[in-house]
Amino acid sequence: MKKRKKRKKLKKAKNRKRQSGLGRLLAVFCTTFIGVVLMGMTVFFLCHVMKAGEDSGIRQAEGEKVQEKPAASGTLQEVLPQEPEQTQQTQDLLEQPVPEEPEPEPQGKYADILADSDYMRENRIYAKETAEDGKVTFVFAGDILFDPGYSIMAKMLQREGGIHDSISEDLMAEMQNADIFMVNNEFPYSDRGTPTPEKQFTFRAKPESAEILHEMGADIVSLANNHAYDYGEEAFLDTLDTLQNTDIPFVGAGRNLEEASAPVYFIAGDIKIAVVSATQIERLDHPDTKGATETTAGVFRCWNPDNLLEKVKEAKENSDFVIVYIHWGTENTDVPDWAQLDQAPKIADAGADLIIGDHSHCLQPIQYVNGVPVVYSLGNFLFNSKELDTCLVKAVVTEEGLESLQFLPALQKNCSTSMLYGEEKERVLSYMRSISPHVNIDGEGYITQ
């Protein structure tokens, strides 16, 4: 009996012990479960915060304006949020203007002139950068026409690319890459005026077409020709204003004789080059194209060359190299006339270093006169629908003088102008050799005496 009671007590004790162990296990499980849940919630919260930061960075990368960059000059802007207790000294420092870097002082023998913009403007002096130190590449073309009533401009307006579809890409590159490119502007820019009575051909271009000169790379135009006055004084004066407003220097015409005869100067590569332009067309005492006087507007006429020779001498005294761009000769003939042959040596002796001619609408010979190269006529460049040989002439000038002179053959055809190559190039060079017996012209068009 006692043994049975003892076994019952042992059994109850074991049951209580088993129940106590289960309780402890349950408590541990609950504690662990709650810890895992809390840890999971903490990790979820941290991940949510991190993702929000990443989204903000993505928005910044995609262009949302988060913070302005500091300006390159002027007062410094706030870049980072400022502390509430920022000192006044720090604030004053941030508000100080950033000093701008001073422009480099002009160097070389013409530094004083280049530093005086008023003097340059009053004396028609222009500064030009050069592609190569100590060398100036000067390129010349002949007559152009922008009158929409004539075929060359009418065709250009129909082409999607405008002037770029009217001049070949390689020819355009020569013009645009030149340090200075010059062309003869044989018409006025205006919407006003009336055509000269009884004149067979009168030209006038829209003022806005002057922008084409920039596309061509023109740095200066000559107005010394027999069509600049085709629509009278109103259109002539409009032309001067249009070119000035378009920032295209002109030479050979003006509001009075002083302006019309004044040289234009370029300082490039520490070399000062003068350009003088005049016309001996028409050969009359009272021509349709008015010559400028002391008080009236017109072109710079040189049928009597005395004034021209004086301006060439003046230019020589004030520059390193003198170019005379002259409108002369007889139309549609490749033989220089007596007036050209008479004036060329006089111009050379007055101080010209290079003489470039136009007007004949065709190519004329190249010759050295008293040691000075004379290109008697460049011919038309972009002027009408006729198929005509033409050219660019490239002169490289150094401090020692003319380093090289090159004839670049081209063809005006179907109201466009293109560079020539191969057999066609050699054909034109052979022709130029045949009419220029006293100079050498090699296979690349380089000219030597």
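The values are calculated or read from the model by the stated rules, or taken from the named source; none is laboratory data. Quick caveat, the model's predicted, so the values are computed rather than measured. Ideal geometry is used to build each Cβ from the backbone, glycine not excepted, and the neighbour counts take in all protein chains shown. Areas reflect the complete protein model, heavy atoms only, side chains present, ligands, DNA and RNA absent. Shrake-Rupley method; radii C 1.70, N 1.55, O 1.52, S 1.80 Å.
Quickly run through the range 331-357 and pick out the residues that are among the polar types (S, T, N, Q) and touching a residue at least 60 places away in the same chain (Cβ under 8 Å).
The answer is 343, and nothing else.
I'm checking my understanding of the structure. Among residues of the range 210-226 that are open to solvent by less than 10 Å² (accessible area, probe 1.4 Å) and in a helix (DSSP H, G or I), which one is farthest from residue 185 (Cα to Cα)?
The selected residue is 216.
Which one is farthest from the chain's Cα centre (by Cα), of the residues in the range 337-354 that are open to solvent by less than 50 Å² (accessible area, probe 1.4 Å) and not small (Gly, Ala, Ser)?
Ranking the qualifying residues of the range 337-354, first place goes to 337.
Would you check which residues across the range 144-195 are basic (Lys, Arg) and free of Cβ contacts under 8 Å to residues at least 60 places away in the same chain and list them?
Start the filter on the range 144-195 by keeping residues that are basic (Lys, Arg), which leaves 155, 159, 192.
Passing the criteria: 159, 192.
Residues being farther than 25 Å from residue 139 by Cβ, of a type in the set (Asp, Glu) and not in a helix (DSSP H, G or I): count how many of those fall in the range 334-359.
Total satisfying the criteria: 1.
Inspect all residues belonging to the range 419-426 and state whether any of them is in contact (Cβ under 8 Å) with a residue 60 or more places away in the chain and out of contact with any Cys (no Cβ under 6 Å at 6 or more places or on another chain).
Just the residues of the range 419-426 that are in contact (Cβ under 8 Å) with a residue 60 or more places away in the chain, to begin with: 419.
Checking the rest, the ones that are also out of contact with any Cys (no Cβ under 6 Å at 6 or more places or on another chain) come to 419.
Checking the range 419-426: at least one residue is in contact (Cβ under 8 Å) with a residue 60 or more places away in the chain and out of contact with any Cys (no Cβ under 6 Å at 6 or more places or on another chain).
Among 394, 386, which is the only one that is assigned to a loop (DSSP other than H, G, I, E, B) and surrounded by 13 or more Cβ atoms within 10 Å (Cβ to Cβ)?
Every option except 386 fails the conditions.
Of these, 334, 320, 306, which one is within 27 Å of the chain's Cα centre (by Cα) and acidic (Asp, Glu)?
The unique qualifying residue is 320.
With the checklist (1) over 22 Å from residue 144 (Cα atoms); (2) in contact with a His (Cβ under 9 Å, 6 or more places away or on another chain) in hand, flag the one item residue 314 doesn't pass.
Result: residue 314 passes all but (2).
Just need a number here: residues in the range 415-428 that are outside any helix (DSSP H, G or I) and surrounded by 14 or more Cβ atoms within 10 Å (Cβ to Cβ).
Total meeting the criteria: 6.
Name every residue in the range 291-324 that is buried (at least 21 other Cβ atoms within 10 Å of the Cβ) and basic (Lys, Arg), in order of residue number.
If the condition is that a residue be buried (at least 21 other Cβ atoms within 10 Å of the Cβ) and basic (Lys, Arg), then 301, 311 are the ones that fit.
Let's see how each residue does on (1) basic (Lys, Arg); (2) in contact with a strand residue (DSSP E or B) (Cβ under 7 Å, 6 or more places away or on another chain):
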residue: 121; (1), (2): yes, no
residue: 130; (1), (2): no, yes
residue: 133; (1), (2): no, no
residue: 137; (1), (2): no, yes
residue: 141; (1), (2): no, yes
residue: 147; (1), (2): no, yes
residue: 161; (1), (2): no, no
residue: 180; (1), (2): no, yes
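Quick test for you: out of 379, 443, 371, pick the one residue that is surrounded by fewer than 19 Cβ atoms within 10 Å (Cβ to Cβ) and on the phi > 0 side of the Ramachandran plot.
Exactly one of 379, 443, 371 is surrounded by fewer than 19 Cβ atoms within 10 Å (Cβ to Cβ) and on the phi > 0 side of the Ramachandran plot, namely 371.
Just to verify a result, which residue in the range 397-413, among those that are touching a Ser or Thr at 6+ places or on another chain (Cβ under 7 Å) and free of Cβ contacts under 8 Å to residues at least 40 places away in the same chain, is most open to solvent (accessible area, probe 1.4 Å)? Spell out how you get there, then give the answer.
If we filter the range 397-413 for residues that are touching a Ser or Thr at 6+ places or on another chain (Cβ under 7 Å), which is where we start, we get 410-412.
If we keep only those that are free of Cβ contacts under 8 Å to residues at least 40 places away in the same chain too, we end up with 411-412.
Working: 411: 25, 412: 0 Å².
Per the criteria, the residue is 411.
Would you kindly identify the helices (runs of 4 or more DSSP H) lying entirely within the range 227-333 that contain at least 2 residues that are of a type in the set (Gly, Ala, Ser) and touching a strand residue (DSSP E or B) at 6+ places or on another chain (Cβ under 8 Å)? Can you show your working first?
Values: elements: 232-245, 257-261, 306-317.
So the answer is 257-261.
Between a first residue in the range 308-330 that is at pLDDT 95 or above and a second residue that is open to solvent by 10 Å² or more (accessible area, probe 1.4 Å) and of a type in the set (Lys, Arg), which pairs have beta carbons less than 8 Å apart while being 6 or more apart in sequence or on different chains?
From residues that are at pLDDT 95 or above, the pairs are 309/346; 318/272; 319/272; 320/272; 321/272; 322/316.
So, in the range 438-449, of the ones that are outside any strand (DSSP E or B) and free of Cβ contacts under 8 Å to residues at least 60 places away in the same chain, which residue ends up farthest from residue 354 (Cα to Cα)?
443
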